[in-house]
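A.B. asks: Provided herewith is a single structure, encoded as structure tokens, for subsequent inquiry.
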Amino acid sequence: MLKYTLRRWGAMMLTMFIIMSLSFWIIRLMPQSIFENPEVAPEIQRLLEAEMHLDKPMWVQYYYFLRGIITERDFGRSVKLRPGMEVFKVIVSRIKPSMVLNFFSLILAIPAGIILGTIAALQRNKWPDNLISFLVVIFISVPSFVFGAVLQYLFTFKFPIFPTLYNASASSFREMFRSLTLPIIALALGPAATIARYLRGELIETLNSEFLLLARTKGLTRTQAVVRHAFRNSLVPIANTMIPMITGIMGGSLVIERIFAVPGMGGQLVESIVVGDHFLTVALLIWYSAISLITIFIVDISYGLIDPRIRIGGEK
Amino acid sequence: MAERDKRDVILQVKDLNVSFRTYGGIVRAVRGVTFDLRRGETVAIVGESGSGKSVTIKAIMGILPSNATIESGEILYGGMDLTKLTEEEFHNIRGKRIGLIFQDPLSALNPIMKVGNQIMEALILSQKMSKKAARQRALELMEAVGIPDVERRFNQYPFQFSGGMRQRIVIAIALAGDPEILICDEPTTALDVTVQARILELINKIKEERHLSVIFITHDLGVVATMADRVNVMYAGKIVETGTSEEVFFEPAHPYTWALLSSMPDLETKERLFSIPGTPPNMISPPPGDAFSVRNRYALRIDFEKEPPLFKITDTHYAATWLLHPKAPRVEMPEALKTRIERMRRRAVGNE
Ligand SMILES: Nc1ncnc2c1ncn2[C@@H]1O[C@H](COP(=O)(O)OP(=O)(O)OP(=O)(O)O)[C@@H](O)[C@H]1O
Ligand SMILES: [Mg+2]
């Protein structure tokens, strides 16, 4: 297991490096000057450019870029959105609402999906299954911002239960969380439906498997057989859906944050691209990739934990 | 049937009919199967793929899929009719009174659970044994079925075992609850020949040691010879011939049994193998009369029209073919088969 983990870790670091390099080259080669501020005198502009090594050839800049990140977590400075502020600090200031939003969507989606998928599989082709399958289709095919808008209309306007927008001046976590409830639900519907759909299929297959029959001929009750032999086995392929799910939540978050005026990372990424705040864009891209890679890493490890064939096979 | 035998009957299947609801229509998979199992003996059920062998034993174990119905018939065991048991009542039968060995050890084990735990779990969950006692018993069972190095093997997963070793684990699982009846559904079909022989030996050995009564399912008559006391030949959901092993092997009466015997590979001679022409009938609308008639060289006109009853040959030997009717023309089994049987007979005598 250790070897397997280390190998996964190595692969993750290599991928991270490639992504960092790609983000750097793609963004920085875009035909937009880093400074285009008419209020700054050309001499000062040149001075600043020298300080940021912008006057040197691209590959030298690349060297400084990598060295800065690796040695002192220096991703450069924001030049347009928050002029002069360290990019790292900009990101840190934006992390909290985004993380709360994304994390709790996930925490909500996983058990909801598992419960719905299990009900659907056990009640196969009966009305609960049909109802769940119908909802699943809707939740998967309609993008989350539509649900965001609908929820916002229903529960802040028609029935004003929740605040319309994110409460930036909330004095407690509870209050902040309350203002994030609707976007969390909006973001969770799609992933919950994805899990439900996959789990239903997997469970139905394992429920018909020979080893489930064997479990019953041993003298286990149907419930014991399902819980011990069908459920855990079905989770193996479900782990795989986690990766697109988390990136999906983060993608949906870009728009949802706008609808509910959440000052998170998503809004920041879009803005930084629009105005051409290159250092910030690169850093945000790296941030998003890092999250995805860590997700993949965790999923890979949990695969190994669930399925001995991967864990032990990988050691040979 | 002699009176003295009746007392020893431990399980009795009476006129069992099982059908499946499918999109294509009602599949009548088992049509009036009757046989009994006596204490300490091995009864074989032999037949081609699709003849309804597995469905019969699934009915006995109460594990028919949800689209199956037992239309009629009884399965008598320990004063109960198993066809009428509720799911709860069955938990005291499955594993504890009747154990089952599956056809394919590859898919019968849970791939992500340690084999030791798969043996132990029924002991812990349904027999309320302590974990320690269950572990001890599991290790003993693994030893009993011939697995070396049990302490280490206990903590391994199915994919780390060879096919033969996996089948031994499946056997250990079936024995865990200390059943008195063991049902083997083609236990060696998925294994290669050398392993096959050893598994059959093992089944015979544990049968003796544990005083089991065995129902042995196979499509290979060759396997039956070394295993069974009595043989039921099954075709298209019916038992077409039943008798002691000697009777079925040396004096077969049904043309289907002739065909099966003729198509049995014989390692000692190089004669060309006979294969049964045609395919088994569609069980959604089985043909009237004798279901085998369309593939039967010796079929009479009546075989296509009217279903033959079981004609008695001896007290223990019956066959369902109109050829046994007193007014039927005398039809002999093919010459090649006769010489074959003669050879088998000599070999059997030689072995004794
Ligand atoms: N779940 C099911 N739904 C519909 N038909 C079924 C089902 N299970 C079995 N059957 C039908 O029942 C018949 C008998 O099947 P069964 O599995 O008993 O054959 P078998 O004699 O065990 O053959 P094999 O040697 O291949 O195991 C077949 O015609 C099959 O198509
Ligand atoms: Mg079968």
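The values are calculated or read from the model by the stated rules, or taken from the named source; none is laboratory data. As the structure is a computational prediction, the values presented were derived from the model and not from experiment. Please note: Cβ atoms are built from the backbone with ideal geometry, for glycine as well, and neighbour counts cover all protein chains shown. Note: areas computed on protein heavy atoms with side chains; ligands, DNA, RNA excluded. Shrake-Rupley method; radii C 1.70, N 1.55, O 1.52, S 1.80 Å.
A.B. asks: Which one of A:VAL100, A:VAL236, A:VAL227 has the biggest mean-square fluctuation once chain A is modelled by GNM with Cα springs under 10 Å?
C.D. replies: Of the options given, A:VAL227 has the highest mean-square fluctuation.
A.B. asks: I've got another one for you. Please enumerate, by chain and number, the lysines with C-alpha under 16 Å from the C-alpha of A:LYS3, excluding those fewer than 8 residues away in the same chain.
C.D. replies: Output for A:LYS3: A:LYS316.
A.B. asks: Something else about it: Once label points are set 7 Å from the Cα along Cα→Cβ at both B:ILE313 and B:ILE124, what is their separation, rounded to one decimal in nm?
C.D. replies: The modelled label-to-label distance comes out at 5.2 nm.
A.B. asks: Explain nothing, just the number: relative contact order of segment B:50-151, from Cα pairs under 8 Å at least 6 residues apart, as a whole percent.
C.D. replies: Averaging sequence separation for qualifying contacts and normalising by length gives 14 percent for segment B:50-151.
A.B. asks: Could you work out how far the C-alpha centroid of segment A:89-156 sits from that of segment B:32-104, in angstrom?
C.D. replies: 46 Å
A.B. asks: Quick one, what does Rg over Rh come out to for segment B:275-325 if you take C-alpha atoms and the Kirkwood Rh?
C.D. replies: Result: Rg/Rh = 1.00.
A.B. asks: Moving on. Would you please report the Å³ per residue occupied by the convex hull of the alpha carbon atoms in segment B:98-178?
C.D. replies: Expressed per residue, the convex hull around the Cα atoms of segment B:98-178 is 82 Å³.
A.B. asks: Next up: To check you understand DSSP bridge types, tell me what percent of the beta bridges within segment B:178-321 (both residues inside) are antiparallel, rounded to 5.
C.D. replies: Bridges in segment B:178-321 that DSSP calls antiparallel: roughly 65 percent.
A.B. asks: May I ask you to give the percent of accessible area on chain A that is carbon plus sulfur, with a probe radius of 1.4 Å?
C.D. replies: 68 percent
A.B. asks: Excluding ligands, DNA and RNA, what is the accessible area buried between chains A and B, summed over both sides, using a 1.4 Å probe, to the nearest 100 Å²?
C.D. replies: 2500 Å²
A.B. asks: Which residues, if any, in segment B:113-154 lose at least 10 square angstrom of accessible heavy-atom surface (probe 1.4 Å) when the other protein chains sit next to their chain rather than the chain being alone?
C.D. replies: Buried-area filter returns B:MET113, B:GLN118, B:GLU121, B:ALA122, B:LEU125, B:SER126.
A.B. asks: Return one whole number: the accessible area per residue of the protein assembly as shown in Å², for a 1.4 Å probe.
C.D. replies: Here the residues of the protein assembly as shown average 49 Å² of exposed surface.
A.B. asks: Here's a follow-up. Would you list, by chain and number, the lysines whose Cα falls below 29 Å from the Cα of A:LYS56, excluding same-chain residues fewer than 8 positions away?
C.D. replies: Cα-Cα hits under 29 Å: A:LYS80, A:LYS89.
A.B. asks: Report the antiparallel proportion of the DSSP beta bridges in the protein assembly as shown as a percent, rounded to a multiple of 5.
C.D. replies: Roughly 65 percent of the beta bridges in the protein assembly as shown run antiparallel, per DSSP.
A.B. asks: Subtracting the Cα-Cα distance from 0.36 nm times the residue separation, let me have the gained length for B:ALA328 to B:THR189 in nm, one decimal.
C.D. replies: Contour length minus the Cα-Cα distance gives 46.2 nm.
A.B. asks: Could you tell me which GluC sites (Glu not before Pro) in segment B:264-343 are loop residues by DSSP with no more than 13 other beta carbons within 10 angstrom of their beta carbon?
C.D. replies: Counting only loop positions with at most 13 other Cβ atoms within 10 Å, the GluC sites (Glu not before Pro) in segment B:264-343 are B:GLU268, B:GLU271, B:GLU332.
A.B. asks: Using only the Cα atoms of the protein assembly as shown, construct the convex hull and provide its projected area averaged over every direction, in square nanometres to one decimal.
C.D. replies: Taking the Cα atoms of the protein assembly as shown, their convex hull projects to 42.1 nm² on average.
A.B. asks: Cut-off under 19 Å on the C-alpha distance; same-chain residues fewer than 8 positions from A:LYS126 excluded. Which aspartates and glutamates are left, in chain and number order?
C.D. replies: A:GLU202, A:GLU205
A.B. asks: Using unit Cβ charges (K, R positive; D, E negative) and no other charged atoms, how large, in debye to the nearest 20, is the dipole of segment B:254-351 about its Cα centre?
C.D. replies: 260 debye
A.B. asks: Hey, another quick one. Given the options A:ILE246, A:THR217, A:ILE161, identify the residue whose Cα lies farthest towards the positive end of the charge dipole of segment A:94-275 (+1 on Cβ of Lys, Arg; -1 on Cβ of Asp, Glu).
C.D. replies: Of the candidates, A:THR217 comes out farthest on the positive side.
A.B. asks: Shifting gears a bit: In segment B:1-103, which trypsin sites (Lys or Arg not before Pro) fall in coil by DSSP and have 13 or fewer other Cβ atoms within 10 Å?
C.D. replies: Taking segment B:1-103 and a limit of 13 other Cβ atoms within 10 Å, the loop trypsin sites (Lys or Arg not before Pro) found are B:ARG7.
A.B. asks: With a sphere of radius 15 Å drawn around the Cβ of A:GLU86, what net charge do the other residues whose Cβ falls strictly inside it have (Lys, Arg +1; Asp, Glu -1)?
C.D. replies: Net of charged neighbours comes to +2.
A.B. asks: Separate question: Could you tell me what percent of the DSSP beta bridges with both partners in chain B are antiparallel, to the nearest 5?
C.D. replies: Here the share of antiparallel DSSP bridges comes out near 60 percent.
A.B. asks: Evaluate the charge dipole of the protein assembly as shown about its Cα centre and quote only its size in Debye, nearest 20, assuming +1 on the Cβ of each Lys and Arg and -1 on the Cβ of each Asp and Glu.
C.D. replies: My answer is approximately 800 debye.
A.B. asks: Further question: Which of B:LYS131/B:LYS205; B:LYS14/B:LYS53; A:LYS218/B:LYS53 have a Cα-Cα distance over 22 Å?
C.D. replies: Checking Cα-Cα distances, B:LYS131/B:LYS205 exceed 22 Å.
A.B. asks: Also: Tell me whether segment B:65-223 comes out rounded, prolate or oblate; compute the Cα gyration tensor, take square roots of the eigenvalues as a ≥ b ≥ c, and use a/c under 1.5 as the rounded threshold.
C.D. replies: It comes out oblate by the Cα gyration axes.
A.B. asks: Treating only the Cβ of Lys, Arg, Asp and Glu as charged (+1, +1, -1, -1), what charge dipole size does segment A:94-275 show about its Cα centre? Round to the nearest 20 debye.
C.D. replies: Its charge dipole is roughly 480 debye.
A.B. asks: Mind telling me which of A:ASP300, A:ASP129, A:ASP55 comes out most flexible in a GNM of chain A, alpha-carbon contacts under 10 Å?
C.D. replies: Among A:ASP300, A:ASP129, A:ASP55, the largest GNM mean-square fluctuation belongs to A:ASP55.
A.B. asks: A further question on this structure: Let me know the whole percent of all Cα-Cα pairs from segment B:254-351 that are separated by more than 18 Å.
C.D. replies: 55 percent
A.B. asks: Hey, how many Å between the Cα centroid of segment B:171-214 and the Cα centroid of segment A:213-256?
C.D. replies: Taking the Cα centre of each part, segment B:171-214 and segment A:213-256 sit 35 Å apart.
A.B. asks: Let me ask something additional. Give the accessible area for B:LYS114 in Å² (nearest 10); use a 1.4 Å probe, count only protein heavy atoms, and leave out ligands, DNA and RNA.
C.D. replies: Here the accessible area works out near 70 Å².
A.B. asks: Restricting to Cα pairs below 8 Å that are 6+ residues apart, what does the relative contact order work out to for segment B:254-351? Please round to a whole percent.
C.D. replies: Here the relative contact order equals 22 percent.
A.B. asks: If each DSSP helix of 4+ residues adds -39,500 (n - 2.57) and the sum is divided by the residues in chain B, what number results at 222 nm, nearest 500 deg cm²/dmol?
C.D. replies: -10000 deg cm²/dmol
A.B. asks: Moving to a separate point now. Looking at the square roots a ≥ b ≥ c of the eigenvalues of the Cα gyration tensor of chain A, which shape do they give, rounded for a/c under 1.5, prolate if a/b is larger than b/c, or oblate?
C.D. replies: oblate
A.B. asks: Under a GNM of chain B (C-alpha, springs under 10 Å), which listed residue has the highest mean-square fluctuation: B:ASN296, B:ASN67, B:ASN282?
C.D. replies: B:ASN67
A.B. asks: For segment A:94-275, divide the Cα radius of gyration by the Kirkwood radius and give the resulting Rg/Rh value with two decimals.
C.D. replies: 1.08
A.B. asks: Now for a separate question. Over segment B:91-241, calculate the relative contact order: mean separation of alpha carbon pairs under 8 Å at least 6 apart, over the residue count, as a percent.
C.D. replies: 30 percent
A.B. asks: Largest first and in whole Å, give the semi-axes of segment A:130-172's equivalent ellipsoid, each being the square root of 5 times a Cα gyration tensor eigenvalue.
C.D. replies: 28, 12, 10
A.B. asks: If I compute solvent accessible area with a 1.4 Å probe over the protein chains, what percent of it on segment B:1-87 is carbon and sulfur?
C.D. replies: Accessible surface attributable to carbon and sulfur in segment B:1-87 totals 50 percent.
A.B. asks: Let me ask you something else. Cα-Cα pairs above 37 Å in chain B: how many percent?
C.D. replies: The share of Cα pairs beyond 37 Å in chain B comes to 21 percent.
A.B. asks: How much of the accessible area of segment B:270-309, probe 1.4 Å, is carbon plus sulfur, in whole percent?
C.D. replies: Within segment B:270-309, the accessible surface is 56 percent carbon and sulfur.
A.B. asks: How far is helix A:2-28 tilted off the main Cα axis of chain A, in degrees rounded to 10, range 0 to 90?
C.D. replies: Helix A:2-28 sits roughly 40 degrees off the main axis of chain A.
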